[in-house]
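Worksheet for the structure shown next.
Any read-out appearing in this document is the output of simple, stated calculations on the displayed coordinates, not a laboratory observation. Just so it is clear, the model here is predicted, and its values are computed rather than measured. Virtual Cβ from ideal backbone geometry, glycine too; neighbours counted across all protein chains shown.
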Amino acid sequence: MIIAAADGSSLSNPGPAGWAWFVDGESWHAGGWPHGTNNMGELKAVLDLLEQTADAQDDLLILCDSQYVINSVTKWMPGWKRKGWKKADGKPVQNVDLLQAIDAALPGRRVTFEWVKGHAGHELNEAADVRARAAATAYQKRQPVDAGPGFRGASIDAAATPPEPTPAGPVPEPDLFSDTEDSAEHPVVAQQRRWLSEALRADPEAAAALLHPRFTGIDARGVPSGKGRTLASLAPLPEPVSVEVDGVDDLAPWVVLLRWHARSRSAVSARSSIWVKQGETWRLRFEQATPTTR
């Protein structure tokens, strides 16, 4: 059996994007685009792995940290195909070119998908993540991408960088309780970026309006603080922090869980934020930070 991890990465999502799959140090491949989404990278990693191993006789186990990929391929795709590659609401399926190519590459293959938790020390997943992020960073810096050796015995040119598909618009991870994709960035993502902005953190009145009355925050040291203490200590951040979205889950029509990474020049942390809708405004109810080496 061939066991490989597939992963994608997008800086700013959308932004410079990369993808990679990893079997071992002698079998891996990576690539990317100047502008793409995390979902595009996740799907392209799976597609390239299927193409590279097309002549292999072994069963293939693909490890993914993206529920979007696994659900798309194993759960949603048959319904999309019956509807002419449209979702339940009649809107076109996002990333349809990649999904159709995956669909065409699967017949006759013995392929199993398995979810693994991302950024949790899984050796293959971490190796794929590092290479996908390196590819995205190379596109950001306009440097050559280390594409890797490809699959041992592959019949296609593993060293060549694959052609770039037409970049899609912003596509955050869909909520895991739905059978369709979100077609646009959720409003809480913009609110989360606003919470980190220098302008808002220098405006106590605006910051107070963004926070829920019962806000609770837990920092990377595990220290909790309520709304009052948070506002009292609020100040512009020492360096810019970017929001890298991992997933947006609708817990209820008025409650959203945002899973993301906060990245600055000197630090990175995994974050979970709960946003509650009051009237027409989303307010931050809870936020927790966990240090990570990502």
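Here the scattering of the chain is modelled by Debye summation over its C-alpha atoms, one equal scatterer each and no solvent; at q = 0.13 Å⁻¹ the log10 of I(q)/I(0) is -0.91.
Quote the relative contact order of the chain in percent (integer), defining contacts as alpha-carbon pairs under 8 Å separated by 6+ residues. Don't skip to the answer; put the middle values down first.
On the way: 624 pairs, mean separation 54.2, N = 294.
Here the relative contact order equals 18 percent.
Between Arg152 and Ala235, the distance separating the two model label sites (each 7 Å from Cα on the Cα→Cβ line) works out to 5.5 nm. Around the Cα centre of region 23-92, unit charges on the Cβ atoms of Lys, Arg, Asp and Glu (plus for the first two, minus for the last two) sum to a dipole of about 900 debye.
Counting other C-beta atoms within 10 Å, and keeping those with at most 15, which DSSP coil chymotrypsin sites (Phe, Trp or Tyr not before Pro) do you find in region 190-276? Don't jump to the answer; show the numbers that get you there.
Working: sites: Trp195, Phe215, Trp254, Trp260, Trp275; in loops: Trp254.
Answer by residue number: Trp254.
Reported to the nearest whole Å, the Cα centre-to-centre distance from region 244-291 to region 104-136 is 24. Seen from Lys227, the other residues with C-beta closer than 13 Å to its C-beta sum to a net charge of +3, counting Lys and Arg as +1 and Asp and Glu as -1.
Before rounding to the nearest 500, sum -39500 (n - 2.57) across all DSSP H runs of length at least 4 in the chain and divide by the residue total; then give [θ] at 222 nm in deg cm²/dmol. Walk me through the numbers before you get to the answer.
Details: 9 runs with 80 residues, N = 294.
So the helix-based figure for the chain works out to -7500 deg cm²/dmol.
Put in order of Cβ neighbour count within 10 Å, fewest first, the listed residues Leu211, Leu234, Leu258, Leu43 become Leu234, Leu211, Leu258, Leu43.
Applying the criteria of a DSSP loop state and at most 16 other Cβ atoms within 10 Å to the trypsin sites (Lys or Arg not before Pro) of region 72-112 yields Lys83, Arg109, Arg110.
Cross-link check: pairs Lys117/Lys141; Lys44/Lys83; Lys75/Lys117; Lys87/Lys141 evaluated at a Cα-Cα cut-off of 26 Å; pairs beyond the cut-off: Lys117/Lys141; Lys87/Lys141.
Note down the net charge around Val111, summing +1 for each Lys or Arg and -1 for each Asp or Glu among other residues with Cβ under 15 Å from its Cβ.
-4
Of Val111, Pro34, Gly90, which is farthest towards the positive pole of region 21-140's charge dipole, taken about the Cα centre with +1 and -1 on the beta-carbons of Lys, Arg and Asp, Glu respectively? Farthest towards the positive pole: Gly90.
Going from the residue with the fewest nearby Cβ atoms within 10 Å to the one with the most, Leu47, Leu251, Leu257 rank Leu251, Leu257, Leu47.
For a footprinting-style exposure proxy, rank Tyr139, Tyr68 by other Cβ within 10 Å, fewest first. If you can, show how the numbers build up before the last one.
Working: Tyr139 22, Tyr68 25.
By the 10 Å Cβ count, ascending, the order reads Tyr139, Tyr68.
Give me the Debye-computed log₁₀ of I(q)/I(0) at q = 0.11, 0.17, 0.20 Å⁻¹ for region 2-140, equal point scatterers on Cα only, no solvent, two decimals. For region 2-140, the Cα-only Debye profile gives -0.37, -0.88, -1.18.
Could you give the dipole magnitude of the chain about its Cα centre, charging the beta-carbon of Lys and Arg +1 and that of Asp and Glu -1, in debye to the nearest 20? All intermediate terms of the calculation are to be shown ahead of the outcome.
Values: 31 positive and 37 negative charges, 194 e Å.
Using only the charged Cβ atoms, the result is roughly 940 debye.
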